[in-house]
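Scroll down for the structure; my scribbles are underneath it.
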Amino acid sequence: MSILPPAPPRLATETGQADFGVYQGIIPDLSWNGLAMSPLQRLGRRLHHKRWQYAAIAHDDFLIAAAVVDVGWNGTAFAYLFDRRSRRVAAAASANGLPGVGIRVADRAFGDAHFRFGGVDLRFARDGDTLRLSLDSRELQLNAAISLAAMPPVLAVVAPANYLAHSTHKSGGLTVEGEARGPAGRYALSGAAASLDYSNGLLARETRWRWASAHGRHMGFNLQQGYMGNAENAVWLDGRLFRVGAVEFDYLTDDPLAPWRVRSQDGLVDLAFTPEGARREDKNLLIAASRYVQPIGRFDGTLTDPASGERHPVRQLAGVTEDHLSRW
């Protein structure tokens, strides 16, 4: 039995208030049209509406991450393949779009998203119980089929944010098939574990967060410190989903490749993160900017089941941390 209530049918209640809460399941209606806003908020809604679909594919030998991001007035996409054996980013693709050109993120969790501009064609396409992820770029090509048929419980959150409200859906432990190709050769995806992040909200122009995420087939976690507070902090253990409390990230901001420590204030999460490398991207586009570093590596430590008190060891679980500041 889940300790979280089932997801509501939509983001806003019939009275126009955001249906704030932490849920299990998928919210079918992800439109913010029913949310009560002031005339000024309605006028600036497009500039504050942010949506993204992100996927990570973790393997003993590599980690792949890809995202399509619609920031309301513009769009961007990125993907990279980190080779854990050579401890380097073996291939990557990244591009910024133009307003209203080549970008689409559907109002559906783990649904369609598409970016095509600047030599990067990155697509998420929902096909029944399969989410197909494809990338065509100069350096990196990817064809992946992520199975949603036996998806573990989905974390769904609607929470106050630094402008109005934000929603997110997270899932992990998903099977994946396909391959990636880069200058170093071919990478078969069989045996990897995929995780998904679909987010849709009305956010402030400046938004910052720290994040940790790692997923295997039977264990995973999503931990965040920043604009959503502790609302999306959760652990998956053997097909069960649990919420955990606020987390603290102990790391060196000027040396993100030094060891990290991530712990929750309720004692349910105690993890050491050992970076193996990182993807960095700092942008200054005059009207927008971002400072971003995503170390890739392994987590060791313990996750505690709040229902039974049993401590589950975490050993060399592949994943990422992140320190991100966006002015969008």
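The values are calculated or read from the model by the stated rules, or taken from the named source; none is laboratory data. Since the model is a prediction, treat every value here as computed from it, not as a measurement. Here Cβ is always computed from backbone atoms with ideal geometry, including for glycine, and neighbour counts include all displayed protein chains. Just so you know, the surface numbers come from the protein's heavy atoms only, side chains and all, with ligands and any DNA or RNA stripped out. Shrake-Rupley method; radii C 1.70, N 1.55, O 1.52, S 1.80 Å.
Remarks
- Members of segment 167-189 found to be part of a strand (DSSP E or B), touching a residue at least 24 places away in the same chain (Cβ under 8 Å) and open to solvent by 30 Å² or more (accessible area, probe 1.4 Å), listed by number: T175, E177, G178, E179, R181
- For T274, the stated conditions do not hold, so it cannot be described as without any contact (Cβ under 8 Å) to a residue 60 or more places away in the chain, part of a strand (DSSP E or B), surrounded by 13 or more Cβ atoms within 10 Å (Cβ to Cβ) and in contact with a His (Cβ under 9 Å, 6 or more places away or on another chain).
- Residues satisfying the stated conditions in segment 231-271, i.e. touching a His at 6+ places or on another chain (Cβ under 8 Å) and acidic (D, E): D238
- Within segment 103-120, the residues that satisfy the criterion of being within 17 Å of W52 (Cβ to Cβ) and not aliphatic (A, V, I, L, M) are R104, D107, R108, F110, G111, D112, H114, F115, R116, F117.
- Residue match in segment 224-233 (condition: at negative phi, part of a strand (DSSP E or B) and touching a Lys or Arg at 6+ places or on another chain (Cβ under 8 Å)): yes
- Among the candidates G267, G239, G297, the residue that is touching a residue at least 24 places away in the same chain (Cβ under 8 Å) and either among the hydrophobic types (A, V, I, L, M, F, W, C) or surrounded by 14 or more Cβ atoms within 10 Å (Cβ to Cβ) (or both) is uniquely G297.
- Selection within segment 98-119 - in a strand (DSSP E or B) and under 20 Å from the mean Cα position of the chain (by Cα): I103, R104, V105, A113, H114, F115
- Test: residue in segment 75-97 that is over 22 Å from the mean Cα position of the chain (by Cα) and over 24 Å from G172 (Cβ atoms): yes
- Taking the listed residues A150, A159, A204, the one that is part of a strand (DSSP E or B) and touching a residue at least 12 places away in the same chain (Cβ under 8 Å) is A159, with no other qualifying.
- Scanning segment 190-201 for residues that are open to solvent by 10 Å² or more (accessible area, probe 1.4 Å), in a loop (DSSP other than H, G, I, E, B) and in contact (Cβ under 8 Å) with a residue 60 or more places away in the chain yields a count of 1.
- Residues of segment 36-74 that turn out to be assigned to a loop (DSSP other than H, G, I, E, B) and more than 24 Å from the chain's Cα centre (by Cα), as a count: 4
- Restricting segment 22-76 to residues that are of a type outside the set (F, W, Y) and in contact with a Pro (Cβ under 7 Å, 6 or more places away or on another chain), the residue that is surrounded by the most Cβ atoms within 10 Å (Cβ to Cβ) is I27.
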